[in-house]
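What follows draws every value from the coordinates through simple rules; no lab data is involved. Remember, predicted model here, so these are calculated numbers, not experimental data. Note: ideal-geometry Cβ built from the backbone for every residue, glycine included; neighbour counts use all protein chains shown.
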């Protein structure tokens, strides 16, 4: 009972803090504390805002809404704004408190309703609930004779004195005596107006908070406001319109939302911030006129209309999906959104819907690649021919006059991914060596549907060798048929292509293999999302049982290590659990630090996708050191990858990079894994892998980690970690000890 109560208290505390930071699209609690302080520059407005947040989140918890959304502040920030607005406008009294509580409840219900109504279109409700809440209360309150209009704000110096004595008055007067240009003064006041504080000082503090939270958000806030200032100047509009109720904050919020929160920061998102500025101006002027009759302020209405309209129309694009690109996984920071996406683009192929494996066992070579010199031309240029060669480079043994002499003939042909057998053409006799069948060009063929507009076609298969039938559902690696010599095939080989429709002879599409092993001489490397070239020697990963068991993390599995360090006198026991979340994402969870390292396993490859939590934890080091690995041992094989800069770089070294991130990245965060050695005592193998994680600016090394893994009997037995500050040894323990 006590544990559950403590859990609810922690949830409510987080929900309060996050409700403040969510106003600026953030989940940083330091920023939330700054905003709370700003809100109390007018004590009663700050108190009303706090009461509104607490009551709204408590109501959401009691009704039974999603706890994670409550904790993230999604259901509290609109009520906060309503509370601040009402607290600034009315005198505090028991009657006002009663109205405030029900206004918070009303705003919460509007929030939930809008989440259901516009959420189904994948759109955010932004601050629309706040608008509904404060407008309805202001209109209704005109009939409430017990509510008194506040006189605060009339005697500003008296209020500053009440807030902080003569020292606060001195600071206030000093700020107002600064020879700042009007554009700077109005920028800060507009920032303060978001929290119903119309002084210069609160705006400056909020600007500092934004700068701490996100350099990109700070830059975008300036871009949005300056764009508005320039536009008003060009068209000859009254620049003082921006200072009326300081509704210029609409430009600031729109710039942050479009420039880096809902859109990946880029030159395109920045361009759209500028292009949308006139639209906000039109709406500010027109809606102000429309609402004048009701004596209501438009508040954030233009911001809501422009952002929702823009996000909605982007869903109807038929091309240029990255100009600009919508954020798919929200990290609550423009920089994080950019760095995560930038890393993803380098690690994966965004155009790939289905990951394809090579359709055979063992090592084969490409005898004709894309734009081949024989048949891979024009509509059919994106294809491969695969064959097997021996150590001497020969395709066949013996005389080579019979199909059976060729190494690839009669070899199993495998499904490159899960799918449905769409078409099978069988009954074409295999050709004698040197002859071709031009009447039945493709020979025996199978077409597999993996997804809409993703089909694979495998041709020249052996007559009557099919192991599957049309309509069968097949899994990656299932045997389909045998390699043959049918159709336009003078010697046995496997023809493979990807196409957008299910017809034999259809046009090919350019589509890579997701990952494979490439050999050059005696060296091996892992290739991801590449297209093998002619004469390349390629293979799928040949599974090593010990590595497979060590890297094949299964939900429910427990991992336990004992850590010793030259920095600590006592050893530390670390317990890790493999889990899945509601969306079926797999992750390793650290009980002590509540950190999570998300990962995926595809075939014989394991790779981490994201880390959240304590970067001083052992799990973070495991994430860095084993970022990507395959369950096959190849001597001296090298695997390389890239980290998101925000994951590995020190914050202090990222300030300049954060400012210019969408335009140029001078920092590089790289991962390198080497399959160092294997010791086989016939009963089991001991394998050593070595990896490095580094951040560089050009040739200058900014940060580095070195790792050494010892693997045997299907487990990671030892991990040696070397950093600039410490050397750590992690030893495997049987879970439960």
Seminar exercise, completed: The rounded separation in angstrom of the Cα centers of segment 249-328 and segment 1-72 is 27 Å
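Fully extended, how many nm does the chain gain between residue 731 and residue 451 (0.36 nm per residue separation, minus their Cα-Cα distance)?
On the way: separation 280, 0.36 × 280 = 100.80 nm, distance 4.41 nm.
Computed gain between residue 731 and residue 451 is 96.4 nm.
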Exercise. Under 19 Å from the 7 Å Cα→Cβ point of residue 472, by amide nitrogen: which residues of segment 342-370?
Worked result: 357-361
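Can you figure out the FRET efficiency of residue 438 with residue 390, using R₀ = 30 Å and their beta-carbon distance, to the nearest 0.05?
Details: r = 30 Å, r/R0 = 1.01.
Calculated transfer efficiency: 0.50.
If I take R0 = 45 Å and measure r between the Cβ atoms of residue 62 and residue 520 in this structure, what FRET efficiency does the formula 1/(1 + (r/R0)^6) give, to the nearest 0.05? Don't skip to the end; give the middle numbers.
Values: r = 65 Å, r/R0 = 1.45.
The value I calculate is 0.10.
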For this session: Using only Cα atoms, locate the centre of segment 179-226 and the centre of segment 706-737, then give the distance between them in Å, rounded to an integer.
Result: 49 Å
For this session: Working from Cα positions, state the angle (0 to 90°, nearest 10) between the long axis of helix 215-235 and the longest principal axis of the chain.
Result: 60 degrees
Exercise. Over what distance in Å are the Cα centres of segment 421-495 and segment 555-611 separated?
Worked result: 44 Å
Seminar exercise, completed: FRET efficiency (residue 185, residue 279; Cβ distance; R0 22 Å; to 0.05) is 0.30
Problem set entry | Length-normalised contact order for the chain - Cα pairs under 8 Å, 6+ apart - percent | 8 percent
Seminar exercise, completed: Of segment 422-437, those with amide N under 20 Å from the point 7 Å along the Cα→Cβ vector of residue 399 are 430-436
Problem set entry | segment 364-511, relative contact order in percent, only Cα pairs under 8 angstrom and at least six apart counted | 28 percent
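How long are the three semi-axes of the equivalent ellipsoid for segment 1-207, computed from the Cα gyration tensor as the root of 5 times each eigenvalue, in whole Å, largest first? Could the numbers behind the result be given before it?
Working: eigenvalues 177, 80, 60 Å².
Output for segment 1-207: semi-axes of 30, 20, 17 Å.
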For this session: Just grab the label-to-label distance for residue 267 and residue 708, each label 7 Å out from Cα along the Cβ direction, in nm (one decimal).
Result: 4.7 nm
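Given the rule -39500 (n - 2.57) for each run of at least 4 DSSP H residues, summed and divided by the residues of the chain, what is its mean residue ellipticity at 222 nm, to the nearest 500 deg cm²/dmol?
My calculation for the chain gives -11500 deg cm²/dmol from helical runs alone.
Starting from the Cα-Cα distance between residue 650 and residue 534, subtract it from 0.36 nm times their residue separation and give me the gain in nm to one decimal. It would help to have the intermediate numbers written out before the result.
Values: separation 116, 0.36 × 116 = 41.76 nm, distance 4.31 nm.
Full extension from residue 650 to residue 534 adds 37.5 nm.
For segment 364-511, what proportion of DSSP beta bridges, expressed in % and rounded to the nearest 5, is antiparallel? Intermediate values should be presented prior to the final figure.
Details: 32 of 32 bridges.
So the antiparallel bridges amount to about 100 percent of the total.
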Seminar exercise, completed: Distance in nm between residue 8 and residue 326 label points, each 7 Å along Cα→Cβ, equals 3.8 nm
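By average Cβ neighbour count within 10 Å, what is the ranking of 498-504, 215-221 from highest down?
Values: 498-504: 16.1, 215-221: 24.9.
The packing order, highest mean first, is 215-221, 498-504.
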For this session: Any chance you could run the full-extension gain for residue 545 through residue 315? It's 0.36 nm times the residue separation minus the Cα-Cα distance, nm to one decimal.
Result: 78.2 nm
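When only C-alpha pairs under 8 Å and at least 6 residues apart count, what is the relative contact order of segment 545-732, in percent? The partial results should precede the final answer.
Values: 410 pairs, mean separation 36.6, N = 188.
The value is 19 percent.
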Exercise. Tilt of helix 301-314 relative to the longest C-alpha principal axis of the chain, in degrees (0 to 90, nearest 10)?
Worked result: 10 degrees
Exercise. Taking only Cα atoms, what is the 0 to 90° angle, nearest 10, from helix 29-39's long axis to the longest principal axis of the chain?
Worked result: 20 degrees
